[in-house]
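Contents: one structure, followed by commentary.
The values are calculated or read from the model by the stated rules, or taken from the named source; none is laboratory data. Just so it is clear, the structure is predicted and the values come from calculations on it, not from any experiment. For neighbour counting, all protein chains shown are included, and Cβ atoms are generated from backbone atoms with ideal geometry for every residue, glycine included. Note: areas computed on protein heavy atoms with side chains; ligands, DNA, RNA excluded. Shrake-Rupley method; radii C 1.70, N 1.55, O 1.52, S 1.80 Å.
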Amino acid sequence: MMADAIQGPRPRPVDLSAALDASGIIGAWSWSPRAERCVLDAGAAEVLAGDAGLAGRPLPLSVAKACVHPEDRPAVVRQFKALRERGGLFVAEYRTLSPSGQVRRILDRGRIPPGASSRRLGHGVIIDVTDEPSATRAMPEPADALTQAVDRALECRDALEGVTDSELQLLIDMLLLHLGRRIAKASTTGARRGGH
């Protein structure tokens with residue numbers, strides 16, 4: 001009976017675009033420590049670099065973060081650069097300023113591999129939290145279960161980098177999207193309880 005359940009018909013894949021829209025996730029990024037270049041998808045390129053046409057191109061950090069609000073940029077860049085050698089979890093909340101003057105508040109979360117010469121890529125997502133209370137003030141501690149789950153999922157994604165199974169990649173990406181949504185929701189709930 002178990003074999004029938006495993007080999008039985010699979011449900012239709014989740015509509016990734018609809019899941020992204022519903023979760024507030026704007027886009028994703030990857031970081032190559034070796035080349036010191038960031039690759040953004042179209043959503044991230046539009047919000048972070050000001051041009052969706054830059055999607056898929058290896059960009060220096062200065063271009064990839066060109067639309068980070070001028071008041072927030074020094075701290076964001078400093079935090080990101082501090083992780084280049086030691087690697088680790090990158091979590092930042094900051095504002096972006098579009099070329100047309102629109103201000104958004106972004107929760108940026110991912111993992112950077114250790115070592116500037118690393119061949120592994122870092123990966124992350126950006127979530128629009130403009131209409132929600134400040135997320136990072138009430139972010140759970142890194143030992144929190146959701147944070148640990150994100151860490152493991154990012155490690156799994158890195159481990160499968162050379163595997164060409166798009167279904168596995170989709171499943172991991174969906175897990176990361178769902179975890180990002182839960183973290184954003186938990187941080188919003190915590191901020192409301194804390195009166196922030």
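Counting only residues that are open to solvent by less than 70 Å² (accessible area, probe 1.4 Å) and outside any loop (DSSP other than H, G, I, E, B), how many does segment 33-73 have?
Here the count works out to 18.
Just give me the residues in segment 112-128 being assigned to a loop (DSSP other than H, G, I, E, B), open to solvent by 10 Å² or more (accessible area, probe 1.4 Å) and not charged (D, E, K, R), in sequence order. Write out each step before concluding.
Residues of segment 112-128 assigned to a loop (DSSP other than H, G, I, E, B): 113-121.
Then drop every residue that is not open to solvent by 10 Å² or more (accessible area, probe 1.4 Å), which leaves 114-121.
Those that are assigned to a loop (DSSP other than H, G, I, E, B), open to solvent by 10 Å² or more (accessible area, probe 1.4 Å) and not charged (D, E, K, R): P114, G115, A116, S117, S118, L121.
Here is a check on your reading of the model: is L89 in a strand (DSSP E or B), at pLDDT 80 or above and open to solvent by 30 Å² or more (accessible area, probe 1.4 Å)?
Numbers: in a strand (DSSP E or B): yes; at pLDDT 80 or above: yes; open to solvent by 30 Å² or more (accessible area, probe 1.4 Å): yes.
For L89, the condition - in a strand (DSSP E or B), at pLDDT 80 or above and open to solvent by 30 Å² or more (accessible area, probe 1.4 Å) - is met.
Out of segment 25-42, which residues are in contact with a Ser or Thr (Cβ under 7 Å, 6 or more places away or on another chain) and among the basic types (K, R)?
R34
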